[in-house]
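To start, the structure itself, in structure tokens.
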Amino acid sequence: MAVDDLTISLPEGISQRQVADAVGISISTVSRTLSGHPRVSSRTRSDVLRAIDRLSRNAVPDNGRPVRRVIGLTQSLAIDGPANRGIDIILEQVLGGAETAARQAGYMLYTLQNSYSLRSGGGQAFFDEVRGVISAGGLVSRPLIDAFRQRRLPTVIIGGHLPDSDVPSVAANSAEGVRQATRHLIDLGHRRIGLVNGPTDTYTSMEKKAGYLSALVDAGITPDIALIRWHDGPFGFDAGDAMTMTGELLDLEQRPTAILFANDSMAVSGMSACRARRLTVPDDISIVGFHDDADARLASPQMTTVRVDRLEWGAAAVRRVLDALDNGSMSADRLLLPTELVVRDSTARPPA
């Protein structure tokens, strides 16, 4: 059985001592509860949440508005087991922006790392507490989103999208970001450019492919389907699969001179595949990632990538949930935030 990874943020104006006194437990127990410690009982966790709710009704943050309830933050993909590293990174980075925006509005976040229990009929404590939900990740479970909507919870998807639905979303302009990255490689002189993409059933993967193809066509380059790789399934962004897919491209009779990747961790695996074939980045082949995570900055050589602002994803999503709570309705549009091409050391002119 999957165990919920739960963390709780205290609203401004409320201390751990106040919560401890209200529940009749020690400050250390409150601290463990807030950090999501696995040995804290569900009853203690519920008692702490109820105490925070009671205290928050009388607390006043810096903006003078009374602290209100709770916004849930969870992953979009409901799987019975641990999420892959890419999903963890998304949640971690989104959390900072969401928590700041929520706190400024007098809300706190209820962070649920593993969302499988919500789809499978569990997670009642989550549904009892939250007034709106932010669901983060490129892979989106429609049944999970339906569970939120059936409870009339304002819901915003971060980093993904559900086509043919009225659920709003916040994400990077992936098509434009990849178009810029492809254009950068073309300007360096590359003509055979590979794409190691995410799962075909994610909206962001389709957008990245569209941006890649658009840049090629605009430059008068006929796209070659043999240079595109993807892997379907819940872990389609997996770094191990990226190494395999990169190897397939490198083993082509006419291998690419540059490869774009759906995210930075996949690009790092791509670099490993290059080294295994005694190819040097960028002298023999250029590599471009996406997101500008720590992987890109720590890679050797440092990676050219497309920067996205996940802090702003979180803040924008909170603002949309709050607007829905204030106005009683929510627009179904997509908010696409700008990207930035960050040129580092992993791209160069193709070998002569």
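For the chain, the mean residue ellipticity at 222 nm estimated from helices alone is -13000 deg cm²/dmol, where every DSSP H run of n ≥ 4 contributes -39500 (n - 2.57) and the total is divided by all residues, rounded to the nearest 500. Amide H contacts under 5 Å for residue 75: 115, 136, restricted to partners 5 or more places along the chain or on a different chain, H placed in the peptide plane at 1.01 Å from N. Membrane-span-like helices in the chain, defined here as complete DSSP H runs extending at least 27 Å along the helix axis by their C-alpha atoms with mean Kyte-Doolittle hydropathy no lower than -0.5, are 85-104; this is a sequence and geometry rule, not a statement about a membrane.
Among 291, 231, the order by Cβ neighbours within 10 angstrom, fewest to most, reads 231, 291. Of the two radii for the chain, the radius of gyration is 1.04 times the Kirkwood radius, both from the alpha carbons; that is the Rg over Rh value. Please name whichever of 137, 300, 352 sits farthest to the positive end of the charge dipole of the chain, dipole taken about the Cα centre and charges placed at Cβ: Lys and Arg +1, Asp and Glu -1. Farthest towards the positive end: 137.
Database remark: amide H of residue 162 closer than 5 angstrom to no amide H (H placed geometrically; neighbours at sequence offset of 5 or more, or on other chains; Pro and chain starts carry no H). Put in line by how crowded their Cβ is, counting other Cβ atoms within 10 Å and starting with the fewest, 44, 202 read 44, 202. Among 37, 190, the ranking by other beta carbons within 10 Å of each residue's beta carbon, starting with the fewest, stands as 37, 190.
Among beta bridges identified by DSSP and lying wholly in the chain, the antiparallel ones come to about 15 percent.
Charging the Cβ of each Asp and Glu at -1 and of each Lys and Arg at +1, and nothing else, the dipole of the range 16-58 about its Cα centre rounds to 80 debye. In a simple Cβ point-charge model (Lys, Arg +1; Asp, Glu -1; nothing else charged), the chain has a dipole of about 700 debye relative to its Cα centre. Working note: Karplus 6.51/-1.76/1.60 with θ = phi - 60° gives the range 334-349 the couplings 9, 9, 9, 8, x, 10, 9, 6, 10, 8, 10, 9, 8, 10, 7, 5 Hz, where Gly and Pro are set to x. I'd like to know which of 258, 51, 203 lies farthest towards the positive end of the charge dipole of the chain, counting +1 on Cβ of Lys and Arg and -1 on Cβ of Asp and Glu. Towards the positive end, the residue furthest out is 51.
Close amide-amide hydrogen proximity is noted between residue 155 and 133, each under 5 Å apart and 5 or more residues distant or on a separate chain (H modeled in the peptide plane; Pro and chain starts excluded). Each other residue within a Cβ distance under 15 Å of residue 222 adds +1 if Lys or Arg and -1 if Asp or Glu, for a net charge of 0.
Values quoted throughout were computed directly from the atomic coordinates according to the rules given, and no laboratory measurement underlies them. The shown structure was predicted, so the numbers you read here are calculated from the model rather than taken from an experiment. With ideal geometry, Cβ positions are generated from the backbone for all residues, glycine too; neighbour counts draw on all protein chains shown.
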